[in-house]
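Enquirer: Here's a structure for you.
Where a number appears in this text, it was derived from the coordinates with a stated rule and is not lab data. Not measured: the values here are computed from a predicted model. Cβ placement follows ideal geometry from the backbone for every residue including glycine, while neighbour counts extend to all protein chains displayed.
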Amino acid sequence: MPVIDSDGHFHEPHYLFDRYIEKEYFGKRPRVLAIRDHALEEGRWVVEGKVVPRVPFAKGVGAGGFQYMTPRHKQMHMKDNSLDDVEGRLKDLDLLGVDIQVIYPTAFVFVADVEDKDLAAAICRAHNNYVAERCRKAPDRLKGVAIVPIQDPPAAIEEMRRSLKELGLVAVTIPGIVGDKPLHSPEFFPFFKAANDLDCPIGCHAVTGMHSTPWADCFKDFFSTHVTAMPFSMMVALMSVIRTGLMEPLPNLRFAFLEIDGTWLHYWSRWVNRHVEDSPRVKGGYHLEPGWGEEPYVLPDTSRDPMEYIKSGRFLSGYSEHEDLRYLIDHLGPKTFMYASDYPHGDTEWERAKETKAMTTLTDEEKSAILCDNAARFYKL
């Protein structure tokens, strides 16, 4: 039974933008700032004067800086957490029992917060060129995900098309909310239509302390920020996608909501649907803007119960070893969940693929769905 890791990661190497960004943006490029805390020196990115990830005791604090560029697990073969040591990564995938890994960024989901739109697009091009170059070293096993400047939808469409057609990347990733603009803002509609036309999967993904996430600025400690911002970011994203009504007229549009396990999806889909059923509709569909903002509970008449898209395999989620997969599949269907390692982050579950295969509560068809088939369909592998 083959295994596809739907949500692996890499950490952007310090030199990435020194070597890959176009020369006209070199002076504005993201750089690494050394920060000394007692005896520990670590690096953090600086972009437009902002420090990424956010430093301790700042609002929305992130995890440690580049103290984790070195391997975080004693069994890791990979020399660091970038995409430079492909041979070491492949040995680690063998340990995980993974045949194909889909690779997401770590720090540079931050690109959605970059105010200079031209710089944001240049950062995306540099990042995506690096990812594509490294994945070509093992094209059958490593599949890259593109970042796009979603705050500038025309540029995001252009980079999405380039990443898929020219670079061979398999998806794009966006945050659950763009600064203070939800994904159901009409300006993002052309981007979603383009994703539909390109048959491009969208991975909604949050990384604590890297970018704007709901309610993160309420906290100055990592525990509170992480526990709160990660799931709420994805909940906001799902709500927004339903709010747009775009899933009906755009049949290829599909989303993965990643990094927050899977049990939330049952509760949240029911909660969102209560409001779908109780809300008045705008006749004519998602493309009608009159009335938006005038009545806060008016929805396009194409809005549907999110459970329709969950059970049909168009809304997907990861899962963790602590969850009851039998319960989740019984309530949300076998097309909903994808194995996600989060490698090489600290919470990598090294035995989860093997443990899933050994589960006696799932059928072989269900195991194949969550370990391989759903991700293969979602990413078109």
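Enquirer: Could you check which residue among Ile123, Ile329, Ile310 shows the biggest mean-square fluctuation in a GNM of the chain with a 10 Å Cα cutoff?
Expert: Result: Ile329 has the largest fluctuation of those listed.
Enquirer: So what's the Cα pair-distance distribution over the range 46-149, bin width 5 Å, in %?
Expert: The distribution over the range 46-149 is 2, 11, 18, 20, 19, 15, 10, 4, 1, given as percents.
Enquirer: According to a simple spin-label model (label point 7 Å from Cα along Cα-to-Cβ), what is the distance in nm between Asp94 and Ala358?
Expert: 2.1
Enquirer: Let me ask you something else. In the chain, if the dipole is taken from +1 on Lys/Arg beta carbons and -1 on Asp/Glu beta carbons about the Cα centre, which of Leu325, His205, Met76 is farthest to the positive end?
Expert: Projecting each Cα onto the dipole axis, the largest value belongs to Met76.
Enquirer: I want to verify a result. In a Gaussian network model of the chain, Cα cutoff 10 Å, which of these has the top mean-square fluctuation: Val178, Val298, Val102?
Expert: Val298
Enquirer: Build a GNM of the chain with springs between Cα atoms under 10 Å: which of Asp118, Asp199, Asp278 gets the top mean-square fluctuation?
Expert: Highest fluctuation of the listed residues: Asp278.
Enquirer: Compute the distance in nm between two label points, each set 7 Å from the Cα along the Cα-to-Cβ direction, one at Arg304 and one at His275.
Expert: It is 2.0 nm.
Enquirer: Per-residue ellipticity at 222 nm for the chain, helices alone: DSSP H runs ≥ 4 residues times -39500 (n - 2.57), over residue total, nearest 500 deg cm²/dmol?
Expert: Working: 12 runs with 128 residues, N = 381.
Per the formula, -10000 deg cm²/dmol.
Enquirer: How much length is gained if the chain between Cys218 and His322 is pulled fully straight, taking 0.36 nm per residue apart and subtracting their Cα-Cα distance, in nm to one decimal?
Expert: Numbers: separation 104, 0.36 × 104 = 37.44 nm, distance 2.80 nm.
Between Cys218 and His322, full extension yields 34.6 nm more.
Enquirer: Write down the Å³ per residue value for the convex hull defined by the alpha carbon atoms of the range 231-280.
Expert: Values: hull volume 4.0 nm³, N = 50.
Per residue, the Cα convex hull of the range 231-280 comes to 80 Å³.
Enquirer: Consider all pairwise Cα distances in the range 337-381 and report the whole-number % of them above 15 Å. All intermediate terms of the calculation are to be shown ahead of the outcome.
Expert: On the way: 456 of 990 pairs.
Percentage above 15 Å: 46.
Enquirer: Sticking with this one: Let me check I've understood the local charge: for Gly179, count other residues with C-beta under 10 angstrom from its C-beta, Lys and Arg +1, Asp and Glu -1. What total comes out?
Expert: Numbers: positive: Lys181; negative: Asp113, Glu115, Asp180.
Summing Lys/Arg as +1 and Asp/Glu as -1 gives -2.
Enquirer: Based on the alpha-carbon set only, what is the convex hull volume of the chain divided per residue, in Å³?
Expert: So the per-residue Cα hull volume is 132 Å³.
Enquirer: Sorted from largest to smallest, which semi-axis lengths in Å does the alpha carbon gyration tensor of the range 96-241 give for its equivalent ellipsoid, taking the root of 5 times each eigenvalue? Walk me through the numbers before you get to the answer.
Expert: Working: eigenvalues 117, 72, 40 Å².
Those come to 24, 19, 14 Å.
Enquirer: Another question, then. Let me check I've understood the local charge: for Lys23, count other residues with C-beta under 14 angstrom from its C-beta, Lys and Arg +1, Asp and Glu -1. What total comes out? Mind dumping the intermediate values first?
Expert: Values: positive: Arg19, Lys28, Arg29, Arg125; negative: Asp18, Glu22, Glu24, Asp118.
My count for the surroundings of Lys23 gives 0.
Enquirer: Once the dipole of the chain is set up with Lys and Arg at +1 and Asp and Glu at -1 on Cβ about the Cα centre, which of Thr263, Ala34, Phe192 lies farthest towards its positive end?
Expert: Among Thr263, Ala34, Phe192, the one farthest towards the positive end of the dipole of the chain is Ala34.
Enquirer: Run down the aspartates and glutamates and flag those whose C-alpha is under 12 Å from the C-alpha of Lys74, throwing out any fewer than 8 positions away in its chain.
Expert: Within reach: Asp92.
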